[in-house]
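What follows is a single structure, written as structure tokens, with notes after it.
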Amino acid sequence: MQPKILLVDDRDENLLSLESIFEREDYRFVKANSGKQVLKILLGEVDFALILMDVQMPNLNGFETASLIYQRDKLRHIPIIFITANNFGEENQFKGYEAGAVDYIYKPVNADILRTKVSVFVQLYKKNRQLIIQEQKLVGINKNLETEIGERKNSEEKVTVLNKKLLENIALLESANKDLDLFVLMASHDLQAPLRKIRMFSDMLMIHGEKMEENEKSYITRIQSVSKQMQELINDLLEFCKISSEKDAPAMVDLNEIIRNILAESDDIIKEKQATFLVNKLPKIYINPILIRPLFFNLISNALKYSKKNETPVIRIYYEISDETSGHPTLSEASQYCRIFIEDNGIGFDQKYAEEVFEMFRRLHPKKEYEGTGIGLALCKKIVEKNNGHIYARSKVGQGTTIIISLPVGRIAE
């Protein structure tokens, strides 16, 4: 909205001269030739940023017009600058200020000074307008809040009923989840018996299969391979279900000992890949000892599995205590976290899949190249979240992956 300025002078050439000074400014001008005309204009329009008014005018001079203007409350916010060719002396200047003037400009008018002074008042006008708009918005917001509070008070009983129903639904959902876990557990157990027989008979066929053709042996080898994969999948599903049913019985566990045992168990593949492990001294952690081993076993196994074929694997394991949450939006309930890093120089993956890799059965690489069931990282995520933590990944294709486990400091002891 263009700021409006009221120009008042009994001579048209003076009005044109004033208007030309502001030709480059985005102002809208309303012009008057007398005090009487000014009062008539102000009866219909009150939204002026400023009034520039000549003092010497017939009938009503500038001082008298200003006094009449400021008798109306609606007009007292409009500043008036007197423009005059006479130096009235201090007594008359005081009279002008008493009438409501905020400043004097003497003729001949210095255009730069006038533009600067007018600019100041226009900026004040704009800020006042913004404050008025904000005040109106706040009034509207307050009215809406009052209405909302009233509605909330009227619906307290409904909210109580809804909360009760929500708690019932949560209980039903928890029960359904337990039933689902139990079903998977039973189904996995039931699958293992026929699977064992398939593997046993296929092994026997291979032992006594001297007279078999090569293609027949190939079929049996495929049966053995698929059976092995099925066994691994069932074992992982059982492990996943066990986490849900596992009671929270935390104890102080030395991570250094856990890592040493896992590395000892993985000695064959470590030697095969000629991998190097750089393990810093790790903290003792207050966690379920049954769950901590599969967590680190899966992460270390992945670091070895997804190594580059033409480069020796180097895997670093270290930790830090941090006030930061590494930019992860869910880590906000505790002020400090212990962050454990498992960093490798393997094949890596595109960072856009950093959340998807922790989903059940999610695989980023072909199964023919890298074996696995797609459950390992989902298992890790469930273990960490069961202990009020979070697990996430940083990776880049061809430059390796870093898995970060963040746990509340309350579960860590040096």
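The values are calculated or read from the model by the stated rules, or taken from the named source; none is laboratory data. Please read all numbers here as calculations on a predicted model, not as lab measurements. Cβ placement follows ideal geometry from the backbone for every residue including glycine, while neighbour counts extend to all protein chains displayed. Quick note on the areas: whole protein, heavy atoms, side chains included, nothing else; ligands and nucleic acids left out. Shrake-Rupley method; radii C 1.70, N 1.55, O 1.52, S 1.80 Å.
Here are some notes:
- Length released on extending from Q71 to R293, taking residue separation times 0.36 nm less the Cα-Cα span: 71.3 nm
- Extension gain for L205 to R152 (0.36 nm times residue separation, less C-alpha to C-alpha distance): 11.6 nm.
- Once Rg and the Kirkwood radius are both taken over the C-alpha atoms of the range 95-165, their ratio Rg/Rh works out to 1.50.
- About the Cα centre, charge dipole magnitude for the range 113-158 (Lys/Arg +1, Asp/Glu -1 at Cβ), debye: 600
- Taking each of K305/K382; K74/K117; K308/K386; K284/K386; K308/K382; K271/K305 in turn, the alpha-carbon distance tops 25 angstrom for K308/K386; K308/K382.
- As a fraction of the 1.4 Å probe accessible area of the range 20-68, surface on carbon and sulfur atoms comes out at 47 percent.
- Per-pair calculated FRET efficiency, R0 = 56 Å: F29 and K308 via Cβ, rounded to 0.05: 0.15
- Among 393-400, 32-39, 375-382, sorting by the average number of other beta carbon atoms lying within 10 angstrom of each residue, highest first, gives 375-382, 32-39, 393-400.
- 3J(HN,Hα) along the range 21-33, derived from phi through the Karplus expression 6.51 cos²θ - 1.76 cosθ + 1.60 where θ = phi - 60°, amounts to 4, 10, 4, 8, 8, 8, 10, 10, 10, 10, 10, 9, 9 Hz, with x in place of Gly and Pro.
- Exposure of M200 as accessible area (Å², to 10), given a probe of 1.4 Å and all protein chains: 100
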